[in-house]
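Reviewing the structure listed below.
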Amino acid sequence: MDDLPEVPRVHVLASGRGWHFEADVEMPAHGDPPFLCFHPPCRDPDQDPKAELELSVRGSTPGSFAVVLDLGGHGIRRQGCAESPTGCVLENLPVTAAAEVRVSGRDCIAKPARVVLNPGRNYLVVDCERLKEIAGIVRAEPSEDLIAPRIAVRCAPDSLVHGFQAFSFSLDCPANLAAIEYRHVSDRTWRPAPIRSSSDGTRGLVEIQSL
């Protein structure tokens, strides 16, 4: 049944030879409702229904962007998308209520968004925040062997973690961010590192003191 009204539920009635069936069916905001059997036994529905996600990004410069879709127990899906008026469609996805979407473009990054993937086409619109290109310097105590420290950095607690072993690094973070966070591999405590920003706000410098 196509072109149903946008209502929270519909009442279904069906009659056959010697039987009558009625049920209230909840209509999800996106996707299809569960399979409905009028009069058992019914032909088995698709045992592995698939979902699609149509994704639109606001605030990015026209061009391509990257999508990381964390599907919980179904793994992680990565896909590049070319922005267009109709958005980007991710196909052949598992049906799950525990999906997280991360979007990043050439000059912007979006906050992680949770989405429920129902069977059929689902829709999501995310806002992409402008990025600041951050250069990082790791200062260490003088040492004869000059071994670079192992450090993890992130823009914010809900951002991806980047690990490295070096005396310098680069990181792209939201333009309005005042500090990033870092920790040493041997220490589980995250510490703030203030950002010294350029006058136009597109670049920043961070200094981290190694233990």
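Computed quantities for the displayed model
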read-out	value
Debye, to nearest 20: dipole size of the chain, +1 on Lys, Arg Cβ, -1 on Asp, Glu Cβ	560
Nitroxide proxy distance, nm - points 7 Å out along Cα→Cβ at residue 35 and residue 139	6.5
Residue range of the chain that is longest and free of trypsin sites (Lys or Arg not before Pro) which are both DSSP loop and sparsely packed (at most 14 other C-beta within 10 Å)	107-187
Cβ-based exposure ranking for 169, 65, 21, in which fewest neighbours within 10 Å come first	21, 169, 65
Order of 91, 129 under a 10 Å beta carbon neighbour criterion, fewest first	91, 129
Label-point separation, residue 21 to residue 125 (7 Å along Cα→Cβ), nm	3.7
Residue 11-residue 152 FRET efficiency (beta carbon distance; Förster radius 45 Å; 0.05 resolution)	0.25
Computed label-point distance, nm, for sites residue 179 and residue 113 using a 7 Å Cα→Cβ extension	3.0
Residue order, fewest to most beta carbons within 10 Å, for 202, 189	189, 202
Hull shadow area, averaged, the chain [alpha-carbon convex hull, nm²]	16.8
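All of the numbers you see were taken from the coordinates with simple rules; none came from a lab. These figures come from a predicted structure and were not determined experimentally. With ideal geometry, Cβ positions are generated from the backbone for all residues, glycine too; neighbour counts draw on all protein chains shown.
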